1. For the range 13-28, which residues satisfy the criterion of being part of a helix (DSSP H, G or I) and over 21 Å from A39 (Cβ atoms)?
2. Does the range 92-105 include one or more residues that are part of a strand (DSSP E or B), at pLDDT 70 or above, loosely packed, with under 12 Cβ neighbours inside 10 Å and not basic (K, R)?
3. What tally of residues in the range 65-90 results from selecting those that are modelled with pLDDT of 85 or more and open to solvent by 60 Å² or more (accessible area, probe 1.4 Å)?
4. For residues that are open to solvent by less than 70 Å² (accessible area, probe 1.4 Å) and in a helix (DSSP H, G or I), scanning just the range 30-64, find the one that is modelled with the highest pLDDT.
Amino acid sequence: MNLHLHGCVDVDAANRLCDLQLAAPTTFTRRVPGVGLLAFEALELELSGYLEIGRIDQGRAIRHRFVQVACARMATDQCAGGAELVFESSYLEGLNLAVLVEKHKIAAEAWLRLPRS
């Protein structure tokens, strides 16, 4: 829900999604004329879902911490104050080049997910 509503999560939330096996790390790259090659550490969704308009209040009743945080951020800009963010790869694919350059400025330069044992 968080990723589809906002297109990004902070590094800790990205790690939690990977721990829950809801997402997997990937690298997204795009060449921007005049700028060069932009590389994003990103997430590939393994499982996704949507909250329908009008059903947000039902989503607020879910007690899972990730959902609670997502609902709390719906009223604000999730990117506000975010020093490092991890983006979902399909979200990045839908952005125009100028927006990609802006998002790259706040993208996490690196974050490590260790394989589950």
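1. R16, D19
2. no
3. 1
4. Among residues in the range 30-64 that are open to solvent by less than 70 Å² (accessible area, probe 1.4 Å) and in a helix (DSSP H, G or I), the one modelled with the highest pLDDT is G59.
The values are calculated or read from the model by the stated rules, or taken from the named source; none is laboratory data. All figures in this text were calculated on a predicted structure; none of them were measured in a lab. With ideal geometry, Cβ positions are generated from the backbone for all residues, glycine too; neighbour counts draw on all protein chains shown. Accessible surface is based on the protein model in full, side chains and every heavy atom, while ligands, DNA and RNA are left aside. Shrake-Rupley method; radii C 1.70, N 1.55, O 1.52, S 1.80 Å.
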